[in-house]
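Values quoted throughout were computed directly from the atomic coordinates according to the rules given, and no laboratory measurement underlies them. Because the structure is predicted, anything quoted here is derived from the model rather than measured. When we count neighbours, we look across all protein chains shown, and the Cβ atoms used for this are built from the backbone with ideal geometry, even at glycine.
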Amino acid sequence: MRNALFGLALAASATAPVVAQTPLTTQLHSSGYTGSLLLTSPKGDFNRQFVVEQRGQVWVVQNGVKLATPFLNIQSIVRAPGSVGGTGGGGNEEGLLGLAFHPDYFNSDPAKSGGFLFVYYTNLSGNNVLARYTVPAPFTANTVNPATAQILVTFNHPTQTNHNGGNIAFGPDGFLYIGTGDGGSANDPPNNAQNINSFLGKMLRINVDKGAGPPYGIPANNPYVGVGGLDEIWAQGLRNPWRWSFDRLTGAMYIGDVGQGQREEVDYVAGTYAPTAGGPALNFNWRCREGFIATPGVGGCANPPYPGTDMRDPIWDYTHAVGFSIAGGHVYRGCEIPDLRGTYFFADTFSNLIWSFKYSGAGVVNAAQVTNRTAELDPAGVDTITTVVSFGEDARGEMYIVERGGQVWQIVPTVPVLLGYSNYGVGTPGCAGAQSLQSDCTPCVGGAFELSTINAPASSLGLLIITNAKLDPAIDVFGIGVPMNIDLFTASEIYTADLPSNAGGVAAAMLQIPNSSAFAGLKYYVQGIFGSACGSGVSGTDGGEITIQP
């Protein structure tokens, strides 16, 4: 029986010093890239990460190994430093800038959007393009055919090569969000960021699902639907939202908006926010304000400068005495560092500083809440992390640091942390030895963790069972001579699945816990069981207790 409980896939500033939390470090994830810009994974793809290069290539890292062939190569149509094509190399802020996999990427229902991925890039004319590519079912291919491209939107960019924005991501509402820059130059001379008939300096939101209409649909409650202004606009007043993200648990949006001559800022939108068609649009104040201050040299901006919009100050900013270009990050929601869940990581590209804070959702961030992580995350040995351009997040919520210079690092605890899982001690020795069921990290709300058993019969098929009660360990439910730690006839069965083992007798399954706080603190019992598949006698069984952490 399968239900909604688990989804399974086989498989140096003035800020506060580091506080007493799980000590962190970094380990090299992959390297050898040319202009690496971001890392991401499709939902549920626990064995692969995809790394984007600015020049127009995307690479797969599968089970820790960077594959030899690019997943996607559109270098010939992208204008970027070192690009191939009619106009040659573009500015340092042009190129392949964004990649997002559809939340239904692995859904084989024809009515869904399985196999869809989206990219944002500057074309050879220097204009900004959003395009869709398609991988055929079963969607596990490690290459995508460039001929499947469908251009969804192209919008003109001024002659300046900077302020392209470029990050794209799906929100908790299932819509695709596109962050765009103001078009470049100082002080946004055309006032693009406040021009409601311009795509520039905005957060756009569109519906890319099948049936949405050619080439995309408009969410009905976007603020300019039914009134003057572009229907695609969800928010305005951004300068260059280079990297931004959604908290996968709360749905909150964190935006790292690159400043001009004075301030760098982090903007925030609660996950409960919903716009209203014809209502006030979110407005992050640029060009009139830079961080918490009025933009020097820009006259004629009253306070509030744009009545009729929902003006939002940042929750944090820092001056150019500290850094010059913010690289917004992610809220950590992985399972390896449970006490840091809910912590937002971000960096400055030029000062090489890395920080974090936990935001309460109200007011501004106090300086005492901001932790300087730079020294703590410095790798062991001679390597240092420099020119951080983004943070990445894999399907499990683990976090990565992406250097423009070609290296990607994973943030990890210095010593493994495991909460919420324990064996309950009645593993049965079998013909392959004593079977042991174990977890690789903490089971947390919205997170994924792996359960694995060793000393199973090689290349055999077992059963994984989860219930909400632990009963008589002597009951032999299946009549195979294996003492069961869980009685399926009186306990409430939550989940069962096949548990195939490899040639080394290791069987593993990945469990995805629902993204709901209602599961925090709930306890479940898990059993891994193999029958007498290796000659005479049983092959072993073991069980464990799972307590889901917040």
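Just a few scattered comments:
- Each part reduced to its alpha carbon centroid, segment 97-136 and segment 148-193 end up 16 Å apart.
- Only Lys, Arg (+1) and Asp, Glu (-1) charged, at Cβ; segment 208-264 dipole about Cα centre in debye: 120 debye
- For q = 0.14, 0.21 Å⁻¹, Debye-computed log10 I/I(0) when each Cα of segment 356-427 counts as one equal scatterer: -0.67, -1.11
- Listed by Cβ neighbour count within 10 Å, with the fewest neighbours leading, Cys301, Cys288 appear as Cys301, Cys288.
- Taking Leu67, Leu96 and counting other C-beta atoms within 10 Å, the order from fewest to most: Leu67, Leu96
- Highest-first arrangement of 410-420, 165-175, where packing means the average Cβ count within 10 Å: 165-175, 410-420
- Going from the fewest other Cβ atoms within 10 Å to the most, the residues Phe346, Phe46 appear in the order Phe46, Phe346.
- Packing, as the average of other Cβ atoms within 10 Å across residues, places the peptides 177-185, 189-197 in the order 177-185, 189-197, highest first.
- Longest to shortest principal axis, alpha-carbon extents of the chain, angstrom: 84, 51, 50
- Evaluated over the Cα positions of segment 271-430, the convex hull gives a direction-averaged projected area, one quarter of its surface, of 16.0 nm².
- Partners for Lys523 among lysines (Cα-Cα distance below 23 Å; same-chain residues under 8 apart left out): Lys470
- Residue ranges 234-244, 381-391, 52-62 sort as 234-244, 52-62, 381-391 when ordered by packing (mean number of other C-beta atoms within 10 Å per residue, highest first).
- Charge dipole magnitude, Cβ of K and R +1, D and E -1 - the chain, Cα centre, debye nearest 20: 660 debye
- For Asp188, net neighbour charge (Lys/Arg +1, Asp/Glu -1) across residues whose Cβ lies under 9 Å away: +1
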